[in-house]
1. Which condition does residue 93 not pass, out of (1) open to solvent by 70 Å² or more (accessible area, probe 1.4 Å); (2) within 27 Å of the chain's Cα centre (by Cα), if it passes all the others?
2. So which residues in the range 332-386 are at pLDDT below 95, among the basic types (Lys, Arg) and assigned to a loop (DSSP other than H, G, I, E, B), if there are any at all?
3. Does residue 205 satisfy being out of contact with any Asp or Glu (no Cβ under 9 Å at 6 or more places or on another chain), touching a residue at least 40 places away in the same chain (Cβ under 8 Å) and under 28 Å from residue 48 (Cβ atoms)?
4. Take residue 126 and decide whether it is assigned to a strand (DSSP E or B) and either modelled with pLDDT of 95 or more or over 21 Å from residue 223 (Cβ atoms) (or both).
5. If you go through the range 14-61 one residue at a time, how many are part of a strand (DSSP E or B), touching a Ser or Thr at 6+ places or on another chain (Cβ under 9 Å) and at pLDDT below 85?
6. Considering only the range 421-435, I want to know if a residue exists there that is basic (Lys, Arg) and within 26 Å of the chain's Cα centre (by Cα).
Amino acid sequence: MLQTIMLTKMLFSLFVLLLTCKEGMVVEIDLSKTIVWGPGLKPDEITMRARYIFFQFVDSDGKNLTGSPGKDIISAHIQGQTSSGHACHVWPQVLDCKDGNVIVRYRLHNTCFNLKLKVKMKHEPILSLGFKGPVYEEECYCPHLSTNSWIENMECSKNYTQMHSDLLPFANVDFNEIREDIIKRYDQPESVSLCHYVVKSNKIFRRCYGKHVGFKIFMDSILLSIARKVLLPDIEFFVNLGDWPLVPKNGKNYPIFSWCGSTDTKDIVMPTYDITASSLEAMGGVMLDLLSVQGNTETPWERKIEKLFWRGRDSCRERLDLIDISRKHPDLFNASITNFFFYKGEMDKYGPGQKHVSFFNFFEYKYQLNIDGSVAAYRFPYLLAGDSLVLKQKSKYYEFFYNDVVPGKHYMPVKSDLSDLVEKITWAKKHDKDALEIAKAARQFARDNLLPRDVLCYHVVLFNEWSKRLKSKVKVLDNMEEVLQPNHSCKCYNEKLKEEL
């Protein structure tokens, strides 16, 4: 392996840092026991826009640290050279999760050689990595791994409960028999937006139907990103660009990929466009992602306000009901509508619309509510990744990971009509330690299942599994247009060239 790794844990057997986690309490950190993990440890094998590494610090008793290791004492230094010998443009970032974990992530703007990554606590090294290269930036079109090899290399999960359930009705799919039926059934420009995709020889083609097809950019982005890294199998599929799932449970077996599922439909569910975009564009086009949430929650549990905090649009009746409940119990709630669209006629009663609050500031409060909008509220992953207790409304709608979150372990369930919401908040106030444990379990679930690597894995595994079910030969239709890779100058290096380098 070209990569040279020194996990410097260290020449010294024990480095002790005095850290005040709580008033009057001093903790000693044993750096030699620091737990390190994440795709950023293999940047020459795993290409992402923002590569990331987690550091879990451990005290001298062998227990995981549960507070911040200290403000601004962790530093990351990354440097390398371009093929022409100039310094690589690398942007590192350190995110303190305030729970004993620190995230170091970094973005490359060039293909780098002789990349060196060093992480220190004060002046003591925690991690030292060296790579001869090349280490590609996200925009490089250099696919060389099959889906199976990529999945193994990424250490993707081997258990996708929702995916296998969704694919069960589709053992053999012949698009020559159903293609025109699907188009005829869902070509409803005023109410449905649908795109027909073909991936052929690692190139992407599509034809869209509907009046509002702007959300095709999200599907385009994930396909283009994966195709830059992976030799995708030839596949054909349809993507629903709307929020509402399309295929009735008791209707024909039309394979439609959707971002949201429901108990009365049988769409094949993918990660939402929201979490996918944030995974692809972290340290780029978005501020909010699953890692930034963890690194920007400033208020420790014991200092959080003991109220439920919520902000959102008026996109379902229950959100208005929430305002009624909150006004009856102002000691338990800080809840407001931000924008009125669906219930403009009731603005006098439930308004006025309040200003938006930074999502990071939500977590100044101990309790968060995940309540449906038009469909499932796509903020659920971000709430789980925060450090507050999430109360989730029971709903017929679900995202790709809902089968794996456990009520009472990762969140507190609430009835769909919110009739037991006050009761659940009251319980949490009386059982503060239990509420904290649920909040911790939620964050750990997000780390294990919802980070950018997991989102990429879900898509690639889904496409790979889907290819096995296609009976008809995949072909590009005459009415399709190619979705082109961005113009980007990047040299790819085969294995022989890598060895020479």
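The values are calculated or read from the model by the stated rules, or taken from the named source; none is laboratory data. Note that this is a predicted model, so its numbers are computed, not measured. Neighbour counts run over all protein chains shown; Cβ positions are idealised from the backbone, glycine included. What goes into the accessible areas is simple: the full protein's heavy atoms, side chains included, and nothing from ligands, DNA or RNA. Shrake-Rupley method; radii C 1.70, N 1.55, O 1.52, S 1.80 Å.
1. The number of the failed condition is (1).
2. Answer for the range 332-386, where residues must be at pLDDT below 95, among the basic types (Lys, Arg) and assigned to a loop (DSSP other than H, G, I, E, B): just 355.
3. no
4. yes
5. 4
6. No, the range 421-435 contains no residue that is basic (Lys, Arg) and within 26 Å of the chain's Cα centre (by Cα).
Residues checked against (1) under 30 Å from residue 175 (Cβ atoms); (2) hydroxyl-bearing (Ser, Thr, Tyr); (3) open to solvent by 30 Å² or more (accessible area, probe 1.4 Å):
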position	(1), (2), (3)
423	no, no, yes
437	no, no, yes
449	no, no, yes
454	yes, no, yes
472	yes, yes, no
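A quick yes/no check of all residues on (1) closer than 22 Å to residue 227 by Cα; (2) small (Gly, Ala, Ser); (3) touching a residue at least 24 places away in the same chain (Cβ under 8 Å):
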residue	(1), (2), (3)
396	no, no, yes
415	no, no, no
444	no, no, no
453	yes, no, yes
466	yes, no, yes
470	yes, no, yes
